[in-house]
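The values are calculated or read from the model by the stated rules, or taken from the named source; none is laboratory data. Note that the coordinates shown come from a computational prediction; the quantities given were computed from them, not determined experimentally. Virtual Cβ from ideal backbone geometry, glycine too; neighbours counted across all protein chains shown. Ligands, DNA and RNA are stripped out before the accessible areas are found, and what is left, the full protein with its side chains, is counted by its heavy atoms. Shrake-Rupley method; radii C 1.70, N 1.55, O 1.52, S 1.80 Å.
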Amino acid sequence: METLPTQDLLDGDFSEEDDVHEAAWGRLFPLGSSFVAVDLVKDEYSFGRGENCDIGFNAGKNQQCFQAYSKIHFKLIRKKTSTGTHVFLEDTSSNGTFINGEKVGKGNRQVLGNNDEIALALKKNKAFVYMDLNANEDANIPKEVTNNYTLTKTLGRGACGEVRLAFAKGSCEKFACKIIAKKKFSLGGKNQLNMSSQVMGEVKILKALKHPCIIRIDDVIDTKDYLYIMLELVEGGELFDRVVEAGQFDESTAKLLFYQMLCACKYLHDQGITHRDLKPENILLATENNDTLIKVTDFGLSKFIDAGSIMKTFCGTPTYLAPEILETAGSGAYTKAIDAWSLGVILYICVSGYPPFSDERKDMDLPKQILGGHYSFPKQYWEDISDLVIDLIKKLMTVDPKKRISLSEALNHPWFKDEDMKIKANKLMYPEADGMAPPTMMPGKKRGLEGGEEPPTKRKSSSDTTSPPDSPK
Ligand code: ADP
Ligand code: MG
């Protein structure tokens, strides 16, 4: 076992910190349940399952990964170099230490930067996120937020702005913090003040929603220019990436996931809320496993954004956009049936691995394909897929919204006559109740939110890299 270096903290390396107290230069936030937060003060730290390590992993003794850790798994070394003071991670493990998913490798050193993620033994076994306390990138985050939360790395980006990994001060409980610039809110001629109170009103309603497949809103901090929304953290990534990775889902996986999407969106509809922006980027997965709980995100606030800019809708890829929205260029009256259409497109993609409409079609542009409902189920890609799922897709992707099936009708479709799947889904959704759904709350309490005057659904820009695969392989 190596002995720890006894560094003098007041030597040359720390000249910029002439504080009498040991000032922390960095902080590690725990990502896995068996790790704890660490304030980094000394020049060097060792991490591992050995008893002489500065930071031991013994709290996770009973966890599967524990045996895969080395006695000294890695070290953090803060050093002055010709290019300034840097923090190095030295991998001393047999099974590997990963920075942002890249293996450092035994005997190698790599510079550790602000918000880098450290994983141990397995790429997926995330342990810490590193915060450089001198990076000062967050100087602009208001006190109202930093008093209670520390914001770290970016989890994702969307039309509203950024979503960052946040830790509650003290408890280190993890959240996803969605940051929305208030200047993005606009509603026709209404003034900004009016706007803010409307947005806050809507947030209050969203906060009261309660469904296992709907992202929970834990806290909302209203500051001068930004809204900080603390969301339940979902760690399995986006449905979009999962489909791309899998190529396509087998029917039983697709059914389990899609059933939950329908349950979640039906719940929203029952509360009088239309999602408006259903797409695989807005469906998050709870775990790495495909038999997983899903969480629908990014609902409700979209109607406040980009009121006038219909053009954006057309510039963005309208893959999931219902024909009636395109028809009226977003200015017409539409109903919650738009969600049923988008869900149909999502189901099409889940089972086939490619979108029903394509930019690459020579004879017809995208809007025309959507407006006419020109999609098909070519035998070469669909022959192993059941007629039932094709029938459900057709009923959801029916051009006339009046003839399109509702989400409760979809839930009663013969494809879902599958008790085993429902038992599995209910166990995922209601684990405490052993798969028993609680009685529905306040049935039929409509808020009448979907109206004709609303702006079109926001889209991502056309340069977005996250559009689904254009054609099947
Ligand atoms: P936007 O309105 O900006 O599109 P989203 O809520 O869709 O906001 O978030 C954008 C991205 O951030 C998502 O696609 C996802 O990758 C990530 N994200 C959002 N919410 C969460 C969450 N609760 N947990 C983990 N990641 C999230
Ligand atoms: Mg989104």
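Okay, here's what the table says:
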item	result
Listed peptides 238-244, 429-435 by packing density, highest first (mean Cβ within 10 Å)	238-244, 429-435
Computed E for residue 36/residue 123 - FRET, C-beta separation, R0 30 angstrom, nearest 0.05	0.85
Karplus (6.51, -1.76, 1.60) ³J(HN,Hα), θ = phi - 60°, over segment 367-383, in Hz, Gly and Pro reported as x	x, 5, 4, 5, 4, x, x, 8, 10, 8, 10, x, 3, 4, 9, 10, 5
For segment 100-158 and segment 216-274, distance of Cα centres in Å	24 Å
Carbon and sulfur %, accessible surface of segment 19-132 computed with the full protein complex present, 1.4 Å	45 percent
Note, ³J(HN,Hα) from phi for segment 351-363, Karplus 6.51, -1.76, 1.60, rounded to Hz, x at Gly and Pro	8, 9, x, 8, x, x, 10, 9, 5, 7, 5, 7, 6
Å² of accessible area per residue within segment 19-132, as computed with a 1.4 Å probe and no ligands counted	47 Å²
Normalised convex hull volume, segment 19-132, alpha-carbon set, Å³ per residue	100 Å³
Accessible surface, per residue, of segment 210-302 when the full set of protein chains is kept, probe 1.4 Å, Å²	32 Å²
Segments 141-154, 263-276, 118-131 sorted - mean Cβ within 10 Å per residue, highest first	263-276, 118-131, 141-154
Estimated inter-spin distance, residue 168 and residue 204, nm [label 7 Å along Cα→Cβ]	2.3 nm
Cβ-derived FRET efficiency at R0 35 Å, residue 108 paired with residue 382, nearest 0.05	0.15
